[in-house]
1. Kindly provide the set of residues from region 165-187 that are away from the ligand (no atom under 16 Å from the Cβ) and under 21 Å from Lys73 (Cα atoms), ordered by number.
2. In region 78-110, how many residues are more than 16 Å from the ligand (Cβ to nearest atom) and out of contact with any strand residue (DSSP E or B) (no Cβ under 6 Å at 6 or more places or on another chain)?
3. Would you confirm whether any residue within region 159-172 is in contact with a Lys or Arg (Cβ under 9 Å, 6 or more places away or on another chain) and loosely packed, with under 14 Cβ neighbours inside 10 Å?
4. So Gly121 fits all but one of (1) away from the ligand (no atom under 16 Å from the Cβ); (2) of a type in the set (Gly, Ala, Ser); (3) in a helix (DSSP H, G or I); what number is the exception?
5. Of these, Val144, Val148, which one is within 16 Å of the ligand (Cβ to nearest atom), assigned to a strand (DSSP E or B) and touching a residue at least 24 places away in the same chain (Cβ under 8 Å)?
6. Which fully enclosed helices (runs of 4 or more DSSP H) of region 151-265 have 1 or more residues being hydroxyl-bearing (Ser, Thr, Tyr) and more than 30 Å from Arg60 (Cβ to Cβ)?
Amino acid sequence: MPTFEEYVGSSHDRFDEVLIDFLKIPSVSAASEHAGDMEAAAAWLQTFFEEIGFTVEIVRGEGHPIVIARSPKKDDRPTVLVYGHYDVQPPEPLELWTSPPFDPQVRDGAVYARGACDNKGQILTHMLSVRSMLETEGDLPVNVIFVVEGEEEIGSHLLEKYLDEHAGELACDYVVVSDSAQFGPGQPAITCGLRGIAYFELRLRGAKRDLHSGTFGGGVTNPANVLVEMLASMRNPDGSVAVPGFYDDVIPLLDEERKQFASLPFDEQAYFAELDVNGATGEEGYTILERRWARPSYDVNGLDSGYQGEGAKTVIPNTAVAKFSFRLVP
Ligand SMILES: [Zn+2]
């Protein structure tokens with residue numbers, strides 16, 4: 001019988017197969033046409049957990065189901081709760097994918113598919129670790145509760161409601177959140193905080209129908225013009241957010257934190273090269289890691305108005321829609 005380490009070390013291909021199987025399920029929580037796929041992903045998890053002897057509870061309510069799986073409880077050991085999610089972000093625009101989002105491909109040792117690194121890969125790391133330990137050592141040193149929800153990408157509504165009513169049933173000594181990242185290849189990290197979000201959709205309406213700019217331009221209010229002015233007005237030239245009071249309760253970074261961030265092997269030029277950009281804008285006075293990890297930010301996430309097809313159309317659109325959000329810090 002191999003040891004746990006030997007077993008894990010020699011199971012790379014087998015683990016990849018499990019991941020690929022999971023990734024093939026297009027569990028897009030935001031799109032109602034994928035409701036059946038959400039069920040399929042929850043059922044996939046249920047099967048995995050039942051096969052390793054866990055007790056599975058599928059929590060249902062308004063929204064996508066939550067899968068809760070528990071190892072057989074033993075009173076002499078602490079309990080670890082592992083949180084993750086099986087839903088993924090919508091894969092559009094599809095034409096930008098090198099390989100289809102739900103047809104996983106391995107290239108240079110990496111698996112490419114929607115959800116591979118958010119969050120199916122990570123949660124599966126924990127699941128396969130537990131399974132490997134059971135297969136090699138026959139027991140776990142801790143009680144484990146997995147909570148895998150299907151609405152992380154759309155607001156975790158069902159989970160929030162469930163936690164309000166059933167937090168006691170999830171009593172544990174430690175919580176491990178799988179929904180984070182390594183610092184880099186071969187550089188594991190313990191993430192001790194993530195930014196929150198406030199997300200908005202803004203819809204402006206002008207005239208009762210689209211108008212021709214040659215006939216009406218300058219004589220009516222164009223909602224697209226107004227929308228971009230409104231969006232731009234929320235950002236100062238120095239990269240800070242221009243919403244009054246926005247920074248009032250933001251806790252400043254400690255010198256110690258800034259030192260720790262600065263001590264990480266972060267290569268700005270490699271970062272720019274990887275993103276194929278010449279540089280970065282952002283809040284003045286902060287490094288890129290500080291901006292990304294410890295400062296709030298504002299981003300427009302979607303714009304829709306007017307003519308998007310090939311060539312020109314001199315339209316004054318009658319509606320303009322923006323989706324935008326703020327990343328929040330303590
Ligand atoms: Zn995630």
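1. We begin by selecting, within region 165-187, every residue away from the ligand (no atom under 16 Å from the Cβ); these are 165-174, 183-187.
Within region 165-187, His166, Ala167, Gly168, Glu169, Leu170, Ala171, Cys172, Asp173, Tyr174 meet the criteria.
2. Restricting attention to region 78-110, the residues satisfying the condition of being more than 16 Å from the ligand (Cβ to nearest atom) are 78-81, 92-100, 102-110.
Within this subset, residues satisfying the condition of being out of contact with any strand residue (DSSP E or B) (no Cβ under 6 Å at 6 or more places or on another chain) are 78, 92-98, 100, 102-103, 106-110.
Selection size over region 78-110: 16.
3. Looking only at region 159-172, we keep the residues that are in contact with a Lys or Arg (Cβ under 9 Å, 6 or more places away or on another chain), and these are none.
The answer is no; no qualifying residue exists.
4. Unmet condition: (1).
5. Numbers: Val144 fails: within 16 Å of the ligand (Cβ to nearest atom).
Just a single option satisfies the conditions, and that option is Val148.
6. Details: elements: 157-166, 213-216, 223-232, 255-263.
Where helices (runs of 4 or more DSSP H) fall fully within region 151-265 and carry at least 1 residues being hydroxyl-bearing (Ser, Thr, Tyr) and more than 30 Å from Arg60 (Cβ to Cβ), they are 213-216, 255-263.
All of the numbers you see were taken from the coordinates with simple rules; none came from a lab. Source: prediction; values computed, not measured. So basically every Cβ, Gly included, is an ideal-geometry build from the backbone, and we count neighbours across all protein chains shown.
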